[in-house]
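Notes follow the structure.
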Amino acid sequence: MGLLCRYSRKAMLALIVCLACSGGAKGEDAKPSPEAIRQFLLTAKVVRSKQSSTGITNPWRLTLSDGSMTHDASFQAVDEHKVRKELDNGTSEINFVDSYKYNIAAYALAKMLGIDEMLPVYVERKWMGQTGSLSWWLPVKMDEGQRLERKLSAPDADAWNKQMYRIRVFDELVYDTDPNLTNLLIGEDWTIWRVDFSRAFRLSKDIKSEKNLTHCDSRLFEKIQALKQDELAQKTKNYLSKSEVEALMVRRDKIVTYLRKLIAQTGENNVLY
């Protein structure tokens with residue numbers, strides 16, 4: 001009996017070590033690196049598909065598999081351009097654009113600013129005769145609209161606020177005209193992700209609201225100040241026009257100017273963290 005128990009304990013230990021080394025039986029416990037995710041999104045085979053009933057553009061939820069890993073992804077192929085667009089809220093927009101290309105541009109910009117972990121990995125891919133953006137499906141428990149409806153609060157208010165400050169500064173930079181609550185996703189550990197930038201990168205050279213610039217991550221502030229127009233244009237080639245890049249850089253300058261002014265008025269420790 002004692003020998004059997006010793007053998008069982010050894011077998012169990014071997015099984016635990018094996019699972020730890022392999023990343024779990026399904027290969028989903030350990031998240032792949034961003035580059036591995038990018039390659040998976042570009043090359044894995046689509047084995048199932050289902051169109052979403054949420055969102056204006058009704059993106060598709062695709063299940064991909066490369067033989068060793070299976071994971072879902074979101075496919076968005078919208079690419080609408082109009083001289084004038086009448087919007088659902090009763091207003092209209094000149095030079096209206098709703099494009100999957102902005103998702104890819106937003107991810108490229110987030111990488112340059114060192115906050116790409118706050119967005120899913122986006123790539124460009126063709127599926128069913130359409131070209132669109134394909135993004136890694138996130139482990140979400142709710143969106144911001146659902147959180148507010150349920151009147152829930154993050155257990156760590158400081159960590160939550162710091163995430164939100166990064167998102168708000170980024171939103172001012174990309175000038176999204178449709179930053180609705182369903183585009184802010186929340187994970188089990190209260191990690192925040194920002195998704196769907198198809199109506200961002202407008203030609204406006206103004207920031208939308210100074211109220212979104214009360215605080216900023218110090219590393220993000222450094223990256224924003226160091227952002228170079230030529231590099232941004234190269235990284236977003238085929239996704240942003242010259243005018244869109246130029247408008248973003250003007251907004252960048254205004255964000256930097258405002259934050260520097262705020263720091264001078266209230267002190268660096270009250271603005272940067």
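For the range 168-191, the tally of residues that are surrounded by 19 or more Cβ atoms within 10 Å (Cβ to Cβ), more than 20 Å from Thr266 (Cα to Cα) and touching a residue at least 60 places away in the same chain (Cβ under 8 Å) stands at 5. The set of residues from the range 148-202 being part of a helix (DSSP H, G or I), under 30 Å from Lys82 (Cβ atoms) and hydroxyl-bearing (Ser, Thr, Tyr) comprises just one member, Thr182. Here the condition is being under 18 Å from the mean Cα position of the chain (by Cα), modelled with pLDDT of 95 or more and of a type in the set (D, E, K, R); of Asp217, Asp230, it holds for Asp217 alone. Of the residues making up the range 221-243, those that are surrounded by 15 or more Cβ atoms within 10 Å (Cβ to Cβ) and in contact with a strand residue (DSSP E or B) (Cβ under 9 Å, 6 or more places away or on another chain) are Phe221, Ile224, Tyr239.
Residue-by-condition table, conditions (1) modelled with pLDDT under 95; (2) more than 27 Å from Glu244 (Cα to Cα); (3) out of contact with any Gly (no Cβ under 6 Å at 6 or more places or on another chain); (4) not aliphatic (A, V, I, L, M):
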{"residue": "Lys151", "(1), (2), (3), (4)": "no, yes, yes, yes"}
{"residue": "Ile186", "(1), (2), (3), (4)": "no, yes, yes, no"}
{"residue": "Ser204", "(1), (2), (3), (4)": "no, no, yes, yes"}
{"residue": "Lys208", "(1), (2), (3), (4)": "no, no, yes, yes"}
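At least 1 residues being at pLDDT 95 or above and surrounded by 18 or more Cβ atoms within 10 Å (Cβ to Cβ) is the threshold, and among the strands (runs of 3 or more DSSP E) wholly inside the range 1-113 those reaching it are 60-65, 70-76, 92-99.
Quick one: in the range 117-142, which of the residues that are under 12 Å from the mean Cα position of the chain (by Cα) and open to solvent by 40 Å² or more (accessible area, probe 1.4 Å) is farthest from Ile167 (Cα to Cα)? My answer is Trp137.
Restricted to the range 246-262, and to residues there that are free of Cβ contacts under 8 Å to residues at least 40 places away in the same chain and over 15 Å from Asp171 (Cα atoms), the residue that is most open to solvent (accessible area, probe 1.4 Å) is Arg260.
The values are calculated or read from the model by the stated rules, or taken from the named source; none is laboratory data. What you see is a predicted model; the values in this text were computed from it and never measured. Positions of Cβ are generated from backbone atoms using ideal geometry, with glycine treated the same way; all protein chains shown enter the neighbour counts. Heavy atoms of the whole protein, side chains included, go into the accessibility calculation; ligands, DNA and RNA do not. Shrake-Rupley method; radii C 1.70, N 1.55, O 1.52, S 1.80 Å.
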